[in-house]
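Quick note: the coordinates plus some simple rules give every number you see, no bench work behind them. Computed from a predicted model, the values in this text were never measured in an experiment. Please note: Cβ atoms are built from the backbone with ideal geometry, for glycine as well, and neighbour counts cover all protein chains shown.
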Amino acid sequence: MAQIEFVRSLPVKYDVDVFVAGGGPSGLAAAVTAARQGARVFLAEGQACFGGMGTSAGLPMFCAPTDGVHVTSAGFGTDVYERLIAAGGTAPETRGKPLGTYNFFFNCEALKRVYDQLAQASGMGFSFHTQFLDVAVEEGIVTHVICSAKSGLFAVRARLFVDATGDGDLCARAGASFEKGDAHGAMQPPTLLSLWCDIDWEKVNRDGYGVWQQEKHLPRAFQDKVFTVEDRHLPGMVPVGPHAGGGNIGHLFGTDGTDEVSLTQALLRGRQLVLEYQRFYREYLSGYEQMQLLGTGALLGVRETRRITGDYILNVADFKRRAVFPDEIGRFSYPVDLHATRPDSKLFAAFQQEMHDLSYKPGENYGIPYRCLTPVGLDNVLVAGRCISCDRYIQGSVRVMPGCFITGQAAGMAAALAADQGGTTRQVKVPELQACLATMGAFLPNRDRPCSP
């Protein structure tokens, strides 16, 4: 491949304490938390709104905001849930009920407004349509990041940096090591989410065709050649309004979310695939006969890409033993949800078994240590969201939005403390970090308990 040398002098448009790359649930949690501590913050978000999967991608549900007993994603997460409920932004079947243990449905547009309010009230700086591009790093210290926006290229100088890109882009550009996918590089397939109208939810529920019953009707459609790919896994259509549904339907196998060519092909395939699901729902499921497609996501629903290597790699053994860590910054309980990498019946059966085996009873949860947020070789960078330091199994759990709230608020608090004290991420005193997180309402029941054997 031919190469050119590209050298330019760029304006340093922002000089702040904390820079956050990405305004998804982890990035916004980090930025708002840091700004509330008095840190000067700038966040760069590439899309037209905050929220990532829950807004731009169109996923209208929080998976496991609680463990059935405790709100494990408390703190920033609680603030979001309460504002969303107060704004009437929850789905009809969620209204008037406590937070569920599995899914909490909401309206994506309402969530956009809640996130806007949180960002503006915090005093943080931010801009949309602003892409993080690259970093300047010197002996493990990132000094500047390069961003691209409508005004052109510019630099941001900061003392601390939070990688909340979901893909570990900032850390990877800075030279951090990472893993991606399984032993063969295969990753969970993404989904192009969709929004639908003219659904008769009363009929759907009366006739037993709700979200947990839809999958079992796929075999008939396979026999009739409705689908070009026999994908046995159907997360389903969920209610987001009196007659509206959010479709978490269809997998785009073989996609690499860190490659723009692969993403492009997935989006092209996804916009055709929804037509196959439209036929399936209309012809094979009661209550969906008149359903109409309103639109597909502006962002692909990516489930898995890089996992940045940190000072500790959280792993499936920790999940199984309900691990307690001396430096934990939160606890979580969502099952290990690793979608099959190929449309294979045996792989789908293995997924179902793993989802069953690697699930918790009410009140059970696992710890997330601060060391999962500190990338090896980088002294002033923290990572939050689905790309924290963990194995594939834990990523299959912590990747969902409430898990991102937990790691995001911890990264933001740690960054603010490090900036205030003029130190590195590893010089942050864990008891002080935990105390600050507890003050904002974070779920930290084990602060004074010994760690797991």
> So if we plug the beta-carbon distance of Gln352 and Ala149 into 1/(1 + (r/R0)^6) with R0 = 45 Å, what FRET efficiency do we get, rounded to 0.05?
Replying inline: 0.50
> How high is the relative contact order of the chain, in percent, with contacts defined as C-alpha pairs under 8 Å that are six or more residues apart?
Replying inline: 23 percent
>> Can you compute the modelled spin-label distance between Leu268 and Val12, with each label point 7 Å from Cα toward Cβ, in nm?
In response: 4.4 nm
> Which whole-number percent is the relative contact order of region 194-296 (Cα, under 8 Å, 6+ apart)?
Replying inline: 44 percent
> Between Gln290 and His217, what length comes free when the chain is fully extended (0.36 nm per residue of separation minus the Cα-Cα distance, one decimal in nm)?
Replying inline: 24.5 nm
> Looking at this model, which pairs from Lys13/Lys150; Lys216/Lys320; Lys225/Lys346 are more than 18 angstrom apart at the alpha-carbon?
Replying inline: Lys216/Lys320; Lys225/Lys346
> Given charges of +1 on the Cβ of Lys and Arg and -1 on the Cβ of Asp and Glu, with all other atoms neutral, how large is the dipole of the chain about its Cα centre, in debye to the nearest 20?
Replying inline: 380 debye
> Could you give the dipole magnitude of region 149-243 about its Cα centre, charging the beta-carbon of Lys and Arg +1 and that of Asp and Glu -1, in debye to the nearest 20?
Replying inline: 360 debye
>> About the Cα centre, and with charges only on the beta carbon of Lys, Arg (+1) and Asp, Glu (-1), how big is the dipole of region 194-296? Nearest 20 debye, please.
In response: 200 debye
>> So if I take the alpha carbon set of region 194-296, get Rg, then get Rh from the Kirkwood formula, what is the Rg over Rh ratio?
In response: 0.98
>> Suppose we keep just the DSSP beta bridges with both residues in the chain; what percent of those would be antiparallel, to 5?
In response: 65 percent
> Under the rule of -39500 (n - 2.57) per DSSP H run of 4 or more residues, summed and divided by the residues of the chain, what mean residue ellipticity at 222 nm is obtained, to the nearest 500 deg cm²/dmol?
Replying inline: -9000 deg cm²/dmol
> How much length is gained on full extension from Ala136 to Lys429, taking 0.36 nm per residue of separation minus their Cα-Cα distance?
Replying inline: 102.8 nm
> Any idea what the alpha-carbon Rg over 2.2 N^0.38 Å comes to for the chain?
Replying inline: 0.95
> Any idea how far the Cα center of region 367-437 sits from the one of region 153-228, in Å?
Replying inline: 23 Å
